[in-house]
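The values are calculated or read from the model by the stated rules, or taken from the named source; none is laboratory data. Predicted model only: the values in this text are computed from it and were never measured. Reconstructed Cβ throughout: ideal geometry from the backbone, glycine too, with neighbour counts over all protein chains shown. Just so you know, the surface numbers come from the protein's heavy atoms only, side chains and all, with ligands and any DNA or RNA stripped out. Shrake-Rupley method; radii C 1.70, N 1.55, O 1.52, S 1.80 Å.
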Amino acid sequence: MSDLALTADPGRLTELIKSAAQHLGFTLVGFCPAIQPAGVTRLSEWLARGYAGEMDYLASRSAAYEHPRHVLDGVRSIVMLSLPYSAAPAQLPASGQGRISRYAWTGADYHDVIHDKLKRLVTLFLDSAPTARARGVVDTAPLLEREFAQLAGLGWVGKNTLLINKPAGSYFFLAALLTDAALVYDEPFSADHCGACRACLDACPTQAFVQPYVLDASRCISYLTIEHKSPIPHELRPGIGEWLFGCDVCQDVCPWNHKAADAERSKSTPPPMNLLDLIALFELGDDAFRQRFRHTPLWRPKRRGILRNAAIVLGNQRAAAAIPALTHALSDVEPLIRGASAWALGQIGGQEALAALTTRRNSEFEASVIEEIVLAIQIAQAACSQSSPR
């Protein structure tokens, strides 16, 4: 069959794309028309309520989400794809360790991994349909991926706002291939299998779900530890718990993920690398941090964000062994790190922490950090007075 005939045969072209995508490791493949997604109105309302936090880029390009043509001019069809990540049981952290969201366990930046696969898929597609146009994207383009994944029959959007597939759960990335070629479309997934379950809503440590299917990202641990650039609000710090980067709570408690986890548990796989030594992170300067994390997901918050998070976790753990590292961090060039370290020392308490805070109070010049130190001193003094013999 000629290239022109293949391009004109939507069924044959659809099967070719599906086979090639699965060969590249995309486990779920669905097809849908490129139309205005129903969720655009909900997105506008969500942004208006301030649920995006500091993610101003969402509002600045909100109009682009209205139709996929803003991603590819003349687009007719969208191929929605999933790439799984580990569903293995997580190791529990010891004092001084921080948890990493499972999607980052491999240490590879998923954008790089998926973009490489998409480039190969686009090349294979255009080899068979050279008169067509195509573009592969993964979560950086203005595309409501979960809306189109449901439209392509891959699953439903659960109460935790993530796409859920009955056999696969939700432990996967979404990606898309957009094309101006006509394809054969799958039936939209119309059922909602969450039922009366509230596991994800009730388990969220920071109560980030305003209601079922609505997430206030400004309270979400994943947002706070990755996207949020400022000090984490005091009232949310205890909820961070032991999460250094991201959070899996609302997925790990989802019954639909238990089947996926059980399937992976039966495999002979090495233990997942889901923990980091927090005290050791404070030994890394900018160059050393760049060298270690430049091509990993942990690069996104940069050194200042990761050390802020590490200090919060150490404070939550009351990790006395971290006092020397946190004391040294009180002199860090980054106010964000100094402030978080002061808070952590106040939570840990004791005479050594109190002495470090008092000494730093006399030389600190940043107003926001001074506020953190003063509050930390008050907390540490109160703890010391309570523990002192009467």
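Taken about its Cα centre, the chain carries a charge dipole of roughly 380 debye when the Cβ of each Lys and Arg holds +1 and the Cβ of each Asp and Glu holds -1. The residues neighbouring Glu227, those whose beta-carbon lies less than 11 Å from its own, together hold a net charge of 0 under the Lys/Arg +1, Asp/Glu -1 convention.
Rg and Dmax over the alpha-carbon atoms of the chain stand at 23.8, 92 Å. If you count Lys pairs in the chain whose Cα atoms are under 14 Å apart, skipping same-chain pairs closer than 8 places in sequence, the total is 4. Using a probe of 1.4 Å on the protein chains alone, the accessible area found for Glu145 is around 40 Å².
Remark on Leu154: its backbone amide H falls under 5 Å from those of Phe189, a criterion applied only to residues 5 or more positions apart or on other chains, H modelled at 1.01 Å from N. For Gly53, the amide hydrogen comes within under 5 Å of the amide hydrogens of Ser218, counting only partners 5 or more places away or on other chains and with H modelled in the peptide plane. Each part gets one Cα centre, and for the stretch 142-162 versus the stretch 59-94 those centres are 9 Å apart.
Grab the DSSP H runs of the chain that are 4 residues or longer, score each as -39,500 (n - 2.57), total them, divide by all residues and round the 222 nm result to the nearest 500 deg cm²/dmol.
On the way: 17 runs with 164 residues, N = 390.
The per-residue figure over the chain is -12000 deg cm²/dmol.
Fully extending the segment from Thr359 to His111, taken as 0.36 nm per residue of separation minus the present Cα-Cα distance, adds 84.9 nm. Unpaired Cys in the chain, meaning no second Cys C-beta under 4.7 Å: Cys32, Cys194, Cys197, Cys204, Cys220, Cys247, Cys254, Cys384. Across the stretch 319-335, coupling constants 3J(HN,Hα) worked out from phi with the 6.51/-1.76/1.60 Karplus curve, θ = phi - 60°, read 7, 4, 5, 8, 4, x, 5, 5, 4, 4, 5, 5, 9, 4, 5, 8, x Hz, and Gly and Pro carry x.
Gain on full extension, evaluated as 0.36 nm per residue between Gln91 and Thr27 minus their Cα-Cα distance, stands at 20.4 nm.
Report the full-extension gain for the segment His258 to Leu284: residue separation times 0.36 nm, less the Cα-Cα distance, to one decimal in nm. Intermediate values should be presented prior to the final figure.
Values: separation 26, 0.36 × 26 = 9.36 nm, distance 3.74 nm.
Using 0.36 nm per residue and subtracting the Cα-Cα distance, I get 5.6 nm.
The phi torsions of the stretch 295-312, fed into the Karplus equation with coefficients 6.51, -1.76 and 1.60 and a -60° offset, translate into couplings of 10, 10, x, 5, 6, 4, x, 6, 4, 4, x, 5, 6, 4, 4, 4, 5, 4 Hz, rounded to whole numbers, with Gly and Pro shown as x. Sequence-distant contacts, meaning Cα pairs under 8 Å at least 6 residues apart, place the relative contact order of the stretch 36-135 at 18 percent. Mean separation of Cα pairs under 8 Å and 6 or more residues apart, divided by the residue count, gives the chain a relative contact order of 18 percent. When each of the peptides 219-229, 203-213 is scored by the mean number of other C-beta atoms lying within 10 Å of its residues, the order from highest to lowest reads 219-229, 203-213. The accessible area of Trp105, taken with all protein chains in place and a 1.4 Å probe, comes to roughly 20 Å².
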